[in-house]
Amino acid sequence: MSSTDKRAISLLLADSDPQFLELVANHPAIQETGWNLKTVRTGDDALDAFRESPFDILIANLSLPKTACDHNLSQNQDCED
C-alpha cells in the first residue's frame, strides 16, 4: 500500500469528563498521529456518532450515563420508541 492509499484512522473517545476529553484531544501524541478524533460526553452521543460514521477505534468510559434506550455501547442497536 502506498502512502497515498492510506486512510486516516478514526477514533471515537467517549467520556463524561470534559477536562479529560480536552486533555486527550490536545495531547501531542494524539495530534501527531494524524488520526481523526471525535469526542463525545454521553452514551447517546456515542451511538449517534456511530450511526453517522463508522469508527476504527472506540475508547469509552464504562460508567458513561445510560443511553436513552437503557443499554450499553456494546449493544450498538437501534432503540425502540
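Each value in this text was obtained by applying a stated rule to the coordinates, not by laboratory testing. Because the structure is a prediction, the values reported are computed rather than measured. Positions of Cβ are backbone-derived with ideal geometry, glycine not excepted, and every protein chain shown enters the neighbour counts.
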Of the listed peptides 23-33, 54-64, what is their order by residue-averaged count of other C-beta atoms within 10 Å, with the highest listed first?
-> 54-64, 23-33
According to the square roots a ≥ b ≥ c of the eigenvalues of the Cα gyration tensor, what is the shape class of the range 7-62, taking rounded for a/c under 1.5, prolate for a/b larger than b/c otherwise, and oblate for the remainder?
-> oblate
May I ask you to compute the full-extension gain from Ala25 to Ile9, defined as 0.36 nm times their residue separation minus their alpha-carbon distance, rounded to one decimal in nm?
-> 4.3 nm
